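Presented below is the structure to which this report refers.
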Amino acid sequence: MPTNARAGAAPNRRGRLRPVLVLLLAAACNREKEQALPIETAAVVRRTIVSEATASGQVEPINVIEVKSKSSGQITVMPVETGSMVNPGDLLIQLDPRDVEQQLSQAVADSVAAAAKLSVSVAQKSRNDKMYADKIITAQEYESSQLDYANSVAAMIRSRSAVDIAKQRVEEARVVAPVAGTIIEKPVSLGQVIASATNSASGGTILLKMANLSRVRVRALFNETDIGAVVPGQPATVTVDAFPDRPFGGTVEKIEPSAVVQSSVTMFPVLVTLDNREGLLKPGMNGEVTVLVERREDVLAVPNDAVRQTREAAATAKLVGLDPDSVTAAVQEQMRALGGGNGGMPNGNGGRGGSGLVSRGDVDLTLVAGQDQGGRQGGRQGGFQMPEVTDAQCQKVRDAFAKAPSAQTTLQGLRGRMQGGEIDQQRMRAISDSIYKALDIDAMVARACQARDRQAAGGDRSGRAGSGPDAAGAAMTSTTGNTGGRRGGRRGGGSNAAALLAGMDVPVSQASPRRQAARPALVYVVSGTSFVPRVIRAGMSDLDYTEVVSGLQEGEQVLLMTALAMQASRDSALARMRGRTGGGMPGMTGGAPGGGGPGGGGGRGRG
């Protein structure tokens, strides 16, 4: 009987385990389906890319006036309230005038008495003058009459001054608006006794605070990483919580020179001026400030998910299913073709002369000299990266200067003015860009054409600064010293390169967004059924897209890396989990008799 019972128990146990195995197999199939994420691609398209810097701030009046009274006394009339609009001369506060009016009456009475006394002194002086001339009175009596007359004149002057002061005090008891504006604060009330602003040691009582709210400003705290892209004169947009669907346009007025540290974060106050003639913006409103840093119209762009740094070549190759060593070698070769040596690659040193720096202007300080030889000399000579230009573009530049010889003369004199200390590097760049804009030609294209012309004429071997129409452009590709430019490359571009690191601090009248430097980046281009790594020059970026300066054509398909990166991260997490559970399913106990990996809870060998 026990034997039959055990014999019947084994099929029952197998029957109970069969549904469990089915569930485990179904879960495994579901995991395989989840891991098989589709590979997403996107086309290279033309679009507008806008770079913006944002910060939060508060609306505040530009100029706040504290209204005080030169007189002291009790407030008897106060016709204004907070929010009242007033014009110059409107009554704000009337103090009790009885004391000052009585003082005025006394001063007037004293003035009348002084006038009478002066009239008597004048008549007496006239008689004494005649009597003294006839030798009827003595000299002492005559001098006494003269002194009495002088005292009467002085008394009359004092009485007139007292009357004027009393009248002024009567007027001061009536406090009027000094300028047009809005009452924004009223710390006193009717019936309160106030102290004089001139006679009180405390400085007097503040009666009202008023400001002209037709123009207001927002004080926003920008992060230290964004403040380098903000310059006075840039357009800004302010959105307040009270009007979320209505943006207010403004202009960056100034950047405060002193930083503010909040929660160990360094920020700089930026003042944005707004037109508020409609009166919708109130002091104290919270708003979001967006400053337009740069805008590029109709440029080639790819999604940010497709762009990776060149040093990530090996890691991204595994995601795509390519050989990491082959991809790294291909990227290094493309970087050398761009004149950057091994810069940006793992274990790369950026070339012998490469600084790896990026200027705050519109070029990056990597090595591009010797591009006519495929970039093989990029590590030996210094220079600046320029866009690739065509003969038609350069002919357009030459035609533009031929029509405006005065512009060419101005550009030729810029370098001498900078060397003479008349202007600095930033001012020289601002003037140069404004001239190019007036000629309707792109500044970078013009400088690239001038550099190409100098190279064709052998200017690169002379070691002298270029003599083209744009001295600033010549400084980009020339080197300094007496060694014909060979040492300049090893020093990373010489003093001219160092000068451009100062940035673009343009005055308000010529302020313009600072152009972001082009940088090397890595994308994977769809080629048939596989992907090919390609190094491109990436420009500015927004939250979604990155500008393509060179390296891609419109319509090409690029691989989006985010989904693959997420899949690789999930696979790595699953592998770590399986390692902790000894290769079994998480949460399962049991196993082969006496088996079970670490944490697996191996079976005890029963049955």
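Observations on the structure shown:
- Backbone N within the stretch 207-243 under 16 Å of label point (7 Å from residue 260 Cα along the Cβ vector): 217-227
- Computed over the stretch 161-231, relative contact order equals 29 percent, with contacts defined as Cα pairs under 8 Å that lie 6+ residues apart.
- Ordered from largest to smallest accessible area (heavy atoms of protein chains, 1.4 Å probe), the residues 578, 534 come out as 578, 534.
- Scanning residues 5 or more positions from residue 276 or on other chains, those with amide H under 5 Å from its amide H are 215, 216, with H placed 1.01 Å from N in the peptide plane.
- Peptide packing: for 263-270, 538-545, the average count of neighbouring Cβ atoms within 10 Å per residue gives the ranking 538-545, 263-270, highest mean first.
- Potential lengthening between residue 125 and residue 101 on full extension [0.36 nm per residue; Cα-Cα distance subtracted]: 5.1 nm
- Restricting the trypsin sites (Lys or Arg not before Pro) of the stretch 115-168 to loop positions (DSSP other than H, G, I, E, B) with no more than 14 neighbouring Cβ atoms within 10 Å leaves 135.
- Within a straight-line Cα-Cα reach of under 20 Å, residue 403 can be paired with the following aspartates and glutamates, leaving aside sequence neighbours fewer than 8 residues apart in one chain: 391, 433, 440, 442, 453, 470.
- Between residue 565 and residue 190, the modelled label-to-label distance comes to 6.8 nm, taking each label 7 Å out from Cα in the direction of the beta carbon.
- What the Cβ-Cβ distance of residue 243 and residue 47 gives, at R0 = 25 Å and to the nearest 0.05, is a FRET efficiency of 0.30.
- Taking a straight line from the alpha carbon of residue 254, these aspartates and glutamates sit under 13 Å away, with near neighbours fewer than eight places off in the same chain left out: 505.
- Residue-by-residue Karplus 3J(HN,Hα) for the stretch 389-404, coefficients 6.51, -1.76, 1.60, Hz, glycine and proline x: 10, 9, 5, 5, 5, 5, 5, 4, 5, 5, 5, 5, 6, 5, 7, 10
- For the stretch 524-536, backbone phi angles converted through the Karplus equation (6.51, -1.76, 1.60; θ = phi - 60°) give residue-by-residue couplings of 10, 9, 6, 10, x, 9, 10, 10, 10, x, 9, 8, 10 Hz, Gly and Pro being listed as x.
- Built amide H within the under 5 Å cut-off of residue 234, gap 5+: 252
- Amide hydrogen proximity for residue 266: with H placed 1.01 Å from N in the peptide plane, the residues at 5 or more positions away or on another chain lying under 5 Å are 224.
- From phi via Karplus (6.51, -1.76, 1.60), per-residue ³J(HN,Hα) for the stretch 285-294 in Hz, x at Gly/Pro: 5, 8, x, 10, 9, 10, 9, 6, 7, 7
The values are calculated or read from the model by the stated rules, or taken from the named source; none is laboratory data. Small disclaimer: the values here were computed from a predicted structure and weren't measured. We place every Cβ from the backbone using ideal geometry, glycine too, and count neighbours over all the protein chains shown. We work out accessible area using only protein heavy atoms, side chains counted, and drop any ligands, DNA or RNA first. Shrake-Rupley method; radii C 1.70, N 1.55, O 1.52, S 1.80 Å.
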